[in-house]
1. Listed residues E86, E76, E57; which is among the acidic types (D, E) and at pLDDT below 90?
2. Which residues, taken from the stretch 35-88, are under 21 Å from S22 (Cα atoms), outside any helix (DSSP H, G or I) and among the acidic types (D, E)?
3. Output the residue which, of all residues in the stretch 16-40 that are touching a residue at least 24 places away in the same chain (Cβ under 8 Å) and under 20 Å from P67 (Cβ atoms), is surrounded by the most Cβ atoms within 10 Å (Cβ to Cβ).
4. Any residue at all in the stretch 42-57 that is more than 20 Å from K25 (Cβ to Cβ) and of a type in the set (F, W, Y)?
5. Could you check the stretch 57-80 and list, in sequence order, the residues that are under 19 Å from F40 (Cβ atoms), surrounded by fewer than 17 Cβ atoms within 10 Å (Cβ to Cβ) and in contact (Cβ under 8 Å) with a residue 40 or more places away in the chain?
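The values are calculated or read from the model by the stated rules, or taken from the named source; none is laboratory data. These numbers were taken from a predicted model, which means no experiment stands behind them. Here the Cβ positions follow ideal geometry from the backbone for every residue, glycine too, while neighbour counts run over all protein chains shown.
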Amino acid sequence: MTEIRQTPIILRSTIKTMTLTSKFKKDIQTLRGAVNGDFFLDVKNPKLLKKVRRYYENTGVVFSGDPLDDYDILMEQVAIDLETVEAK
């Protein structure tokens, strides 16, 4: 019997990753505040911003390289994920 071997990239993309709300459970209110525009996440909690960005990069979100555009892309993704959770 032949064994099918997958590259790490394909393997990682086929494994179900943690959701935003399960990975950042204790930071949901902070993320909600940033999405609502109450404050800028890069000012209030730059470490969390870096972790959330890395999370989305690992899930396949492509950023432009421009800090302002990247922040908007990130907040849109967070908003989508938070709406998905609230809709359930």
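1. Numbers: E76 fails: at pLDDT below 90; E57 fails: at pLDDT below 90.
So the residue among E86, E76, E57 that is among the acidic types (D, E) and at pLDDT below 90 is E86.
2. Matches in the stretch 35-88: none.
3. Among those residues, the one meeting the criterion is A34.
4. no
5. Correct list: A79 only.
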